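Q: Below are the structure tokens for one structure; questions will follow.
The values are calculated or read from the model by the stated rules, or taken from the named source; none is laboratory data. Everything numeric here is computed off the predicted structure, so don't read it as measured data. Neighbour counts run over all protein chains shown; Cβ positions are idealised from the backbone, glycine included. Surface areas here come from the heavy atoms of the whole protein model, side chains and all, with no ligands, DNA or RNA. Shrake-Rupley method; radii C 1.70, N 1.55, O 1.52, S 1.80 Å.
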Amino acid sequence: KDDKVFLEKFDRLKEVTDLFILDIKEMDTEKHIKLTGMSNAPVIAMAKYLSEHGGKMWIRHVLVPGITDSEEDLATLGAFVKTLKTVERFEILPYHTLALHKYEKLGIDYPLKGVREPSKEEVERAKRLTGI
């Protein structure tokens, strides 16, 4: 019942929305849970639903060296995105450390401290691996 109510409300929203931007952080469910603390099932389901119901999408993936850059995972991501009918744009976004100083100022441990930004070559590699 809750899913039906959600979808009814979402469909009304979809009718007045020109574009949906979805961030797919990780295709592997276990890695996604480790990275975010949650399953990737909702975003995957949303992408499929939008594809089947005419919702235009941009898909984004943040490339984090050593975390979201494995050859297998990038190929899986590319294969999944290619199954979606309404994707208008796919982007590999390089991870950046712009928020690091905010965490430090607030006295909060930065969860990706020590993780470097990807090089241009690594971003190009990721694009090639997704095949998009």
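Q: Need the failing condition index for PRO94 against (1) at negative phi; (2) out of contact with any strand residue (DSSP E or B) (no Cβ under 6 Å at 6 or more places or on another chain), just the number.
A: (2)
Quick grid of which residues meet (1) touching a residue at least 60 places away in the same chain (Cβ under 8 Å); (2) surrounded by 13 or more Cβ atoms within 10 Å (Cβ to Cβ):
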| position | (1), (2) |
| --- | --- |
| LEU19 | yes, no |
| ASP28 | no, yes |
| ILE67 | no, yes |
| GLU71 | no, no |
| LEU74 | no, yes |
| PHE90 | no, yes |
| PRO94 | no, yes |
| TYR103 | no, yes |
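Q: Is it fair to say LEU77 is touching a helix residue (DSSP H, G or I) at 6+ places or on another chain (Cβ under 9 Å), within 14 Å of LYS25 (Cβ to Cβ), at pLDDT 95 or above and outside any helix (DSSP H, G or I)?
A: no
Q: Here is a follow-up. Which ones in the range 30-41 are open to solvent by 70 Å² or more (accessible area, probe 1.4 Å) and either without any contact (Cβ under 8 Å) to a residue 12 or more places away in the chain or not in a helix (DSSP H, G or I) (or both)?
A: Correct list: GLU30, LYS34, MET38.
Q: Here is a further query. Looking at the range 105-122 only, could you name the residues that are in a helix (DSSP H, G or I) and either of a type outside the set (A, V, I, L, M) or open to solvent by less than 50 Å² (accessible area, probe 1.4 Å) (or both)? Can you show your working first?
A: Looking only at the range 105-122, we keep the residues that are in a helix (DSSP H, G or I), and these are 105-106, 120-122.
The answer is LYS105, LYS120, GLU121, GLU122.
Q: Continuing with the same structure: For the range 44-54, indicate whether the set of residues that are charged (D, E, K, R), closer than 25 Å to VAL16 by Cα, open to solvent by 90 Å² or more (accessible area, probe 1.4 Å) and in a helix (DSSP H, G or I) is non-empty.
A: yes
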